[in-house]
Amino acid sequence: MLLMLSVAESQVGLAERIRRNFSDLARCRPFLSHSVCKSGMGKGDALGLAIRCLEAEDLDEQPVESVGESLVQLEGYVQQLEVERSRRIASFDVREGHKVLGYTSVIAFLKGMCRMSGGRAKHLVSVARAAHRFRSTFLSWKYGQISTDQAQQLFKASEQLPDKYPDAEPVLLEIVGDTPDETRRILDYWRHSVDKPGVLIEEELQLARRRLDFSRKANGMIDGEFSLPAAAGETFITALDAVMPPPSASDTRTSCQRRADALEDLSRSFLEGTESSEVGGEKPHLNIHVDLDALRGLAGGLHETESGHVLTVEAVRRFACDSSLHRLVMNAESEIIDVGRRTRVIPAALRRAVIARDRHCTYKGCDRPARWCDVHHKIHWADGGETCLDNLCLLCRFHHTLIHQQVDDLVGARSI
Ligand SMILES: [Zn+2]
Ligand SMILES: [Zn+2]
């Protein structure tokens, strides 16, 4: 009966729906009283029942505006529950409930009884203690003047500067801002003004913790992680953003994949740019050793980096579309008997002509600008395609890779 009620009235506001379901619960009391009374958790069960009613709603049947509206309302209720949880943790903590129930600490109790991770239990206990101590911040949180995220930022600030926070609390609550981002900025400025030495120590710690670690897996994939101090991190994000325009409608990459592609773009742009310093008398560049058989997709050819890491033929064909070539002639004993001049596959004037014509990636729906594009041979030069305007087009790295995978799949399929 409850299920039908909530589905039939899916347009009604969330608060109204919960209220009605609660009153429905009262009517159902004869049926529910056994379990409610036995557990001694009447209010908790009523809340659980209201949640069951929400679960029973068919969201796909509701207008998306209504789903959005109820989402916002639900977030408000979640916040009220979070406040209540915090109040209970504080009460439990102050009265050392964990000892009564045989636990060594409140954190151990939360881990054992609420299946929390240690990190989350610790975080909730520190929030509860700060909320218990700083009542004005707690009340702003309770009455929804600040969100849970904002309250947590303020409580964290109170933990970092417990001597300074009480005096600043009323002012901070007044100027806290509407969003967690604004709150973070305001708290940063406050910390800079009242704790200059602490801020400088934090900066030194960040500097000491900077790191970039990576390793090459057996399959050639590079895995890594890094930490950058705030200022260096901002420089990195600015550079990454500069090579990462908003995705087009046809872009199916995840944001993590887009950032990874942007990092490759940055690296290539550095290697190709005039800014890069010379190493061993030459600008640094990626050296790939390949022979013509491999470029034509014939088995047995050489296709590896100078350091001996084997790349796929598709990747090498993509690089070969738009790169510099050194011709090395070897005899049967693999001794070099002739070295040709280094030449660009696409001469500069022809590249300018392709850019002037295409302006951006020519893949359907993609508008990545020319500076982040390769010049692609529609028929690869290794297969006899000409390096002339008609056989060339601009493709961004992502679509260039995609096209080579598709085209080379077709070539592979044909040759079978
Ligand atoms: Zn290509
Ligand atoms: Zn593209």
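Given R0 = 30 Å, the distance between the Cβ atoms of Asp181 and Val64 translates into a calculated FRET efficiency of 0.70. For a paramagnetic label modelled on Ile355 (point 7 Å from Cα along Cα→Cβ), amide N atoms under 19 Å away belong, within the range 244-264, to 244-245. Taking label positions 7 Å along the Cα-Cβ direction at both His132 and Cys388, the computed distance is 8.4 nm, reported to one decimal.
Calculate, for Ala108 and Gln73, the FRET efficiency according to 1/(1 + (r/R0)^6) with r their C-beta to C-beta distance and R0 30 Å; round to the nearest 0.05. Present the calculation step by step, with values, prior to reporting the outcome.
Working: r = 35 Å, r/R0 = 1.18.
Given R0 = 30 Å and the Cβ-Cβ separation, E is 0.25.
Of Lys122/Lys196; Lys99/Lys164; Lys217/Lys364; Lys111/Lys156; Lys99/Lys122, which pairs sit farther than 25 Å apart, going by alpha carbon to alpha carbon? Don't skip to the end; give the middle numbers.
Details: Lys122/Lys196 28 Å; Lys99/Lys164 33 Å; Lys217/Lys364 34 Å; Lys111/Lys156 22 Å; Lys99/Lys122 17 Å.
Correct reply: Lys122/Lys196; Lys99/Lys164; Lys217/Lys364.
Between Thr305 and Thr254, the C-beta separation translates, for a Förster distance of 22 Å, into a calculated FRET efficiency of about 0.25. When both the range 307-344 and the range 94-119 are represented by their alpha-carbon centers, they are found 65 Å apart.
Since every read-out is calculated from the coordinates, none of them should be taken as a lab result. Since we're looking at a predicted model, the values are computed, not measured. Backbone-built Cβ (ideal geometry, glycine too); neighbour counts: all protein chains shown.
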